[in-house]
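What follows is a short report on a single structure.
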Amino acid sequence: MNPALPPIDDTQIWDSMLSLYNTHAIALALELQVFEAFDAPMSVEELVSKTGYSTRGIKALLAMLKIRGLLDRHEGRYQLNNLSRTYMLKDSPYYWGPFFSWTSASLPNYKIYMENIRDGGTKEEREAADGWESGEMDPEFARTITDYMHCHSIASAVGMSHTCDFSGVNKLLDVGGGSGCYAIAIANANTDMQATIMELKPVCAVTEDYITKAGVSDRVDTKAVDMFREAWPEGYDAHFFANVFHDWSFETCAELAKKSYASLAPGGRICLQEMLLDEGEDNPAAPVAFSFLMTWGTKGQQFTLDELRGILESSGFKNIRAQRSYGYYSLVTGDK
Ligand SMILES: C[S@@+](CC[C@H](N)C(=O)[O-])C[C@H]1O[C@@H](n2cnc3c(N)ncnc32)[C@H](O)[C@@H]1O
């Protein structure tokens, strides 16, 4: 049985956690001279071509600055406004630069954000993403990272098992399922369902403990499969991915969607649980900050529904739809 629905959703916890990155964004923009670069309204592409910084980084950074009221956007171009002209430009008597410059020295992972946003990569070790990409992970780190993901996912998992309809699914594969909190919650809400969490081998050992603790070992199991290098198991009529697409580039997500399409049972469905950006890509505040956070440890970003629709349709899926699932999350579904 699932725990009772939380009496209050977790959006305020997300807001508090993600607020950490506001200072990073402002300090980075000042250090990278982003405000000074705006001699005219500019699109992401125009600013990238002017500065040479990475597209993913600039997209994430400008959205953060707009959320903080430091840029306006009109017809696809960002521009300075009263707030940024007054406080973010060196020539202004009200310039805040030295404050952020000194503060940035004590911000966690500031240098990594800087290198990723500027150059699109970093020389610093990025333990999680490197392990995910190589398929190799130290068992102790697998436990730390899985527990870390579990607590940010458990309320959404139980919440979405109430709001989203999985009736008709007999066998569900939770790809990159981490602790298994989503597969366990969905299986608990659909008592005829079998579910498998497909994960890297060292993570499966941790997931098994979560399955045992939840008392669902008779219907939920794990399969150690490197989703990039190994064949996916067949015979599942739903593939579920939570917070997996947001770790990877558009090209890698398309690769995952194609592998899913090829191994899903005919008539099966793909489900993506993600925080969606609005079509303008710089709203709402939580997915904008989550996208900024992705520039630190992953190759990914948050997506708009249209972007995910494009990835899924190009991989063969049809009838792409989305519903709000829980808190800031939405479930995007497509049919094979
Ligand atoms: C951001 S976490 C999401 C975990 C879980 N779905 C959730 O939402 O809480 C991404 C997961 O993908 C898994 N993963 C990364 N690379 C993988 C690979 N090559 N093969 C299988 N799983 C992988 C990681 O171990 C991790 O648990």
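Would you mind telling me which numbered condition in (1) away from the ligand (no atom under 13 Å from the Cβ); (2) surrounded by 14 or more Cβ atoms within 10 Å (Cβ to Cβ) I154 fails?
(1)
Quick one: which residue in K90, K111 is among the basic types (K, R) and part of a loop (DSSP other than H, G, I, E, B)?
Matching residue, one of K90, K111: K90.
Out of the stretch 176-209, which residues are buried (at least 24 other Cβ atoms within 10 Å of the Cβ) and of a type in the set (V, I, T)?
Scanning the stretch 176-209 gives I184, I186, I197, V203, T207.
Given the condition within 29 Å of R56 (Cα to Cα) and either open to solvent by less than 20 Å² (accessible area, probe 1.4 Å) or assigned by TED's automatic domain parsing to the domain that holds A286 (or both), answer yes or no: does some residue in the stretch 164-173 qualify?
Within the stretch 164-173, not a single residue is within 29 Å of R56 (Cα to Cα) and either open to solvent by less than 20 Å² (accessible area, probe 1.4 Å) or assigned by TED's automatic domain parsing to the domain that holds A286 (or both).
Mind checking which pairs have a first residue in the stretch 124-141 that is more than 20 Å from S249 (Cβ to Cβ) and near the ligand (Cβ under 10 Å from one of its atoms) and a second that is part of a loop (DSSP other than H, G, I, E, B) and at pLDDT 80 or above, Cβ under 7 Å, 6 or more apart or different chains?
M137/L200
All but one of (1) away from the ligand (no atom under 11 Å from the Cβ); (2) open to solvent by 50 Å² or more (accessible area, probe 1.4 Å) hold for L277, so report the exception by its number.
For L277, the failing item is (2).
The values are calculated or read from the model by the stated rules, or taken from the named source; none is laboratory data. Every value quoted in this text rests on a predicted model; they were computed, and no experiment measured them. Cβ coordinates were reconstructed from backbone atoms using ideal geometry, including for glycine residues, and neighbour counts include every protein chain displayed. The accessibility values were calculated without ligands, DNA or RNA, using every heavy atom of the protein model including side chains. Shrake-Rupley method; radii C 1.70, N 1.55, O 1.52, S 1.80 Å.
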